[in-house]
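Here the structure comes first, spelled out in structure tokens, and everything after it is commentary.
The values are calculated or read from the model by the stated rules, or taken from the named source; none is laboratory data. Since we're looking at a predicted model, the values are computed, not measured. Please note: Cβ atoms are built from the backbone with ideal geometry, for glycine as well, and neighbour counts cover all protein chains shown.
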Amino acid sequence: MAGSVCGRAAGLAVLLAFAAAGAGHARSRPNTLLLGDLGGGAKLWLMTDSVRQDEAGVRHGWTVIDYETLQTTQNVQYRSDASKFYVKCKTQEIDLANAIKFAGQMGGGANVFQVNSEPTPEPAAQDYHPVRPNTAEQVVAKAICKQRIR
């Protein structure tokens, strides 16, 4: 299932430029940044307070895909996906380390499916791949690398 989440995140072109959290979206939460509209009412957000600097120029952070309608995959129903990405900012390489499906919007409600347990260790070198241009993955990598570390 991690591949399908990664494929969705990587394969969808982002239709909106970076916007302030809450701009035109009533369900935004504090410390979120709207990254784009994925179509069909799905919006991609960065949880800005989750971005951390790791060793050797690697950062990690969480994104949330918030769905307008209930989603079902392999008999699992959910309203949002949270994904943890590790990014090598200098070389623009990325790895999806964890994905969680939540019953509620914006990562709320019950955790109905999780790929890996937390905390996930920094991925091995072979786990990273180059950021694919013109994808949501590229927008996620840029946003994580641009965030001021708190």
Exercise. Check Q126, Q138 and return the single one that is surrounded by 13 or more Cβ atoms within 10 Å (Cβ to Cβ) and in a helix (DSSP H, G or I).
Key: Q138
Quiz item: Hey, A103 hits all of (1) in contact with a strand residue (DSSP E or B) (Cβ under 7 Å, 6 or more places away or on another chain); (2) within 15 Å of T63 (Cα to Cα) but one; which does it fall short on?
Solution: (2)
Quiz item: Listed residues T32, T63; which is in contact with a Ser or Thr (Cβ under 6 Å, 6 or more places away or on another chain), touching a residue at least 12 places away in the same chain (Cβ under 8 Å) and within 17 Å of K146 (Cα to Cα)?
Solution: T63
Exercise. Assess whether A23 counts as being loosely packed, with under 15 Cβ neighbours inside 10 Å and either modelled with pLDDT of 95 or more or assigned to a loop (DSSP other than H, G, I, E, B) (or both).
Key: yes
Quiz item: Within segment 39-67, which residues are in a strand (DSSP E or B) and among the charged types (D, E, K, R)?
Solution: K43, D49, R52, R59, D66
Self-check item: Any chance L70 is in a strand (DSSP E or B), modelled with pLDDT of 95 or more and either surrounded by 14 or more Cβ atoms within 10 Å (Cβ to Cβ) or under 16 Å from the mean Cα position of the chain (by Cα) (or both)
Solution: no
Quiz item: Can you name the condition, by its number, that P133 falls short on among (1) in a loop (DSSP other than H, G, I, E, B); (2) closer than 21 Å to K43 by Cβ; (3) not acidic (D, E)?
Solution: (2)
Practice problem: Take T63 and decide whether it is surrounded by fewer than 18 Cβ atoms within 10 Å (Cβ to Cβ) and among the β-branched types (V, I, T). | Solution: no
Exercise. Mind counting the residues in segment 99-120 that are surrounded by 20 or more Cβ atoms within 10 Å (Cβ to Cβ), touching a residue at least 24 places away in the same chain (Cβ under 8 Å) and not aromatic (F, W, Y)?
Key: 4
